[in-house]
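Enquirer: Next up is a structure, given as structure tokens.
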Amino acid sequence: MPKIYLMGMPASGKSTLGRQLASKLNLPFLDLDIEIEKREERTIPEIFNVRGEEVFRVAEQSALLESIASYKSFVMALGGGTPCFRDNLSAIKSGETIYLSVPLPELIKRLKRQGPETRPLLSYQTDLDLVLKNLLQRRERYYLQAKYVVEGASIQLTDLLKFIRS
């Protein structure tokens with residue numbers, strides 16, 4: 001079984017669907033943000049606020065590469081920006097990549113419900129809609145390089161299994 005990477009915007013369901021997929025396939029589940037927090041002994045917002053985005057991106061790449069080297073197979077939920085920085089996309093393309101393409105209005109609704117302050121790049125933004133739209137425009141060219149693209153406002157585990165088992 002290969003390494004499976006879920007990528008997409010914040011609130012696209014990477015962690016939720018990743019846990020379900022890993023359980024169904026009997027594989028370890030890794031949430032890259034959690035792996036970074038363990039290594040750094042700080043939350044993602046603390047790393048951004050105290051040390052800055054560049055330090056976070058270095059820690060992110062280090063956690064990604066270490067995880068790739070440490071596991072034969074897994075399902076990993078990537079951070080929203082992971083494929084867009086430091087040539088991480090090349091590293092994850094060695095496995096099965098799935099882009100969870102959730103429509104912008106649905107992402108906005110989910111983030112407003114969750115509270116955008118939990119997301120460092122979205123916290124304290126006065127116009128969440130515009131910020132998210134701009135973020136998606138910058139990132140989508142990386143996301144669309146995934147082997148599989150799953151689109152919809154309510155992506156389900158069965159949608160992912162179609163690709164993994166094909």
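The values are calculated or read from the model by the stated rules, or taken from the named source; none is laboratory data. It should be emphasised that the depicted structure is a prediction, and the values quoted were computed from it without experimental measurement. Methodologically, a virtual Cβ is constructed for each residue, glycine included, from the backbone with ideal geometry; neighbour enumeration extends over all protein chains shown.
Enquirer: Could you check segment 125-166 and list, in sequence order, the residues that are touching a Cys at 6+ places or on another chain (Cβ under 9 Å) and assigned to a loop (DSSP other than H, G, I, E, B)?
Expert: Hits for segment 125-166: nothing passes.
Enquirer: Would you tally the residues in segment 14-43 being in a helix (DSSP H, G or I), closer than 20 Å to Tyr148 by Cβ and more than 13 Å from the chain's Cα centre (by Cα)?
Expert: Of the residues in segment 14-43, 6 are in a helix (DSSP H, G or I), closer than 20 Å to Tyr148 by Cβ and more than 13 Å from the chain's Cα centre (by Cα).
Enquirer: Six or more apart or on different chains, Cβ under 7 Å: which pairs go from a residue in segment 30-48 that's within 12 Å of Gly79 (Cα to Cα) and touching a residue at least 60 places away in the same chain (Cβ under 8 Å) to one that's hydrophobic (A, V, I, L, M, F, W, C) and part of a helix (DSSP H, G or I)? Could you list them?
Expert: Taking only residues 6 or more apart or on different chains, the pairs are Ile44/Ile36.
Enquirer: Then there is this: Counting only residues that are in contact (Cβ under 8 Å) with a residue 40 or more places away in the chain and within 15 Å of Arg110 (Cβ to Cβ), which one in segment 125-153 is surrounded by the most Cβ atoms within 10 Å (Cβ to Cβ)?
Expert: Only one residue fits best here, namely Leu132.
Enquirer: Looking at (1) in contact (Cβ under 8 Å) with a residue 24 or more places away in the chain; (2) out of contact with any Lys or Arg (no Cβ under 7 Å at 6 or more places or on another chain); (3) closer than 21 Å to Leu100 by Cβ; (4) among the hydrophobic types (A, V, I, L, M, F, W, C), which one does Ala77 not meet, given that it meets all the others?
Expert: So the condition that Ala77 fails would be (2).
Enquirer: Scan segment 105-120 for residues that are more than 16 Å from the chain's Cα centre (by Cα) and at pLDDT 90 or above and jot them down.
Expert: Matches in segment 105-120: Pro105, Glu106.
Enquirer: If a residue has to be within 15 Å of Ser90 (Cα to Cα) and more than 15 Å from the chain's Cα centre (by Cα) to count, how many in segment 44-64 make the cut?
Expert: So the answer is 1.
Enquirer: Taking the criterion of being in contact with a strand residue (DSSP E or B) (Cβ under 7 Å, 6 or more places away or on another chain), modelled with pLDDT of 95 or more and hydrophobic (A, V, I, L, M, F, W, C), would at least one residue in segment 35-49 satisfy it?
Expert: Scanning segment 35-49, I find no residue that is in contact with a strand residue (DSSP E or B) (Cβ under 7 Å, 6 or more places away or on another chain), modelled with pLDDT of 95 or more and hydrophobic (A, V, I, L, M, F, W, C), so the answer is no.
Enquirer: Sticking with this structure for a sec: Output the residues belonging to segment 73-110 that are buried (at least 22 other Cβ atoms within 10 Å of the Cβ), assigned to a helix (DSSP H, G or I) and not β-branched (Val, Ile, Thr).
Expert: Answer for segment 73-110, where residues must be buried (at least 22 other Cβ atoms within 10 Å of the Cβ), assigned to a helix (DSSP H, G or I) and not β-branched (Val, Ile, Thr): Pro83, Asn88, Leu107.
Enquirer: Out of Ser67, Ser62, report the one residue that is surrounded by 14 or more Cβ atoms within 10 Å (Cβ to Cβ), modelled with pLDDT of 95 or more and in contact with a Leu (Cβ under 8 Å, 6 or more places away or on another chain).
Expert: The conditions single out Ser67.
Enquirer: Is there a residue in segment 10-20 that is surrounded by 19 or more Cβ atoms within 10 Å (Cβ to Cβ), touching a strand residue (DSSP E or B) at 6+ places or on another chain (Cβ under 8 Å) and over 21 Å from Phe85 (Cβ atoms)?
Expert: Taking every residue of segment 10-20 in turn, at least one turns out to be surrounded by 19 or more Cβ atoms within 10 Å (Cβ to Cβ), touching a strand residue (DSSP E or B) at 6+ places or on another chain (Cβ under 8 Å) and over 21 Å from Phe85 (Cβ atoms).
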